[in-house]
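The values are calculated or read from the model by the stated rules, or taken from the named source; none is laboratory data. Quick caveat: nothing in here was measured; it's all calculated off a predicted structure. Counting neighbours? That spans all protein chains shown, and the Cβs are built from the backbone with ideal geometry, glycine included. Accessible surface areas use protein heavy atoms only, side chains included; no ligands, DNA or RNA. Shrake-Rupley method; radii C 1.70, N 1.55, O 1.52, S 1.80 Å.
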Amino acid sequence: MQLLESGEMYLETIYILSQKGGEVRSVDVGEYMGFSKPSVSRAIRLLKEGGYVLMAEDGHLTLTDAGREIAAKIYERHTMLASFLERIGVSPEVAVRDACKMEHDISDETFDAIKRHVFGQGGK
């Protein structure tokens, strides 16, 4: 199953919330993203069907290994791209907003080159 940008955003949100500690529920995801309960429920159902998310009987969400891998990749891209944009003079607010758009479309090759050039790490 090929994930759309919205699916990646949901995985990233679950990842971020889980990193902050505590258990993550659909309502937490909706509040964080500003989405309605029906939208979140549909997205979580699709992510469960795709094998990216598990939901416990009490409603707590956990990323599968596949979901965690994608979420961590998107989160790394987001944080590094925002940092890169700030380093070249973009305001923090715009850098975060633009990084959110770029993180889903940038190729692995280009992202790895940015990491090597700016941060001296990763890539080929």
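Across Ala99, Ala113, Ala71, mean-square fluctuation computed from a Gaussian network of the chain (C-alpha pairs under 10 Å connected) peaks at Ala113. On a per residue basis, segment 18-124 carries 62 Å² of accessible surface, using protein heavy atoms and a 1.4 Å probe.
Within segment 41-124, the GluC sites (Glu not before Pro) that combine a DSSP coil assignment with at most 14 other C-beta atoms in a 10 angstrom radius are Glu57.
Apply the a/c threshold of 1.5 to the C-alpha gyration tensor of segment 1-75 and tell me whether it is rounded, prolate or oblate.
Rounded.
Using a 1.4 angstrom probe and counting only protein chains, how large is the accessible area of Phe35 in Å², to 10? For Phe35, the solvent-accessible surface is approximately 90 Å². Maximal additional length on extending the Glu76-Phe119 stretch stands at 14.2 nm, based on 0.36 nm per residue less the C-alpha distance.
If you average the sequence gap of Cα pairs under 8 Å that are 6 or more apart and divide by the length of segment 46-124, what percent do you get for the contact order? Spell out each step's value before the answer.
Numbers: 60 pairs, mean separation 14.5, N = 79.
Relative contact order of segment 46-124: 18 percent.
Measuring with a 1.4 angstrom probe and ignoring ligands and nucleic acids, Lys48 comes out at about 90 Å² accessible. Distance between the C-alpha centres of segment 90-114 and segment 23-51: 24 Å, rounded to the whole angstrom.
Could you order Arg97, Arg116 so the one with the most accessible surface comes first? Probe is 1.4 Å.
From most exposed to least exposed: Arg97, Arg116.
Can you compute the charge dipole magnitude of segment 14-94 about its Cα centre, using +1 on each Lys and Arg Cβ and -1 on each Asp and Glu Cβ, nothing else charged? Give it in debye, rounded to the nearest 20. Could you put the intermediate results ahead of the total?
Working: 10 positive and 11 negative charges, 39 e Å.
Dipole of segment 14-94, to the nearest 20 debye: 180 debye.
Each principal axis of the Cα atoms in segment 35-124 has its own extent, and those three values, largest first, are 46, 30, 19 angstrom.
Taking the C-alpha atoms only, the angle from helix 65-87 to the longest principal axis of the chain is near 40 degrees. Shown in residue order for segment 26-39 are the 3J(HN,Hα) couplings computed by the Karplus curve 6.51 cos²θ - 1.76 cosθ + 1.60 at θ = phi - 60°: 4, 4, 5, 4, x, 5, 5, 8, x, 10, 6, 4, x, 5 Hz (x for Gly and Pro). Ordered from largest to smallest accessible area (heavy atoms of protein chains, 1.4 Å probe), the residues Val40, Val118 come out as Val118, Val40.
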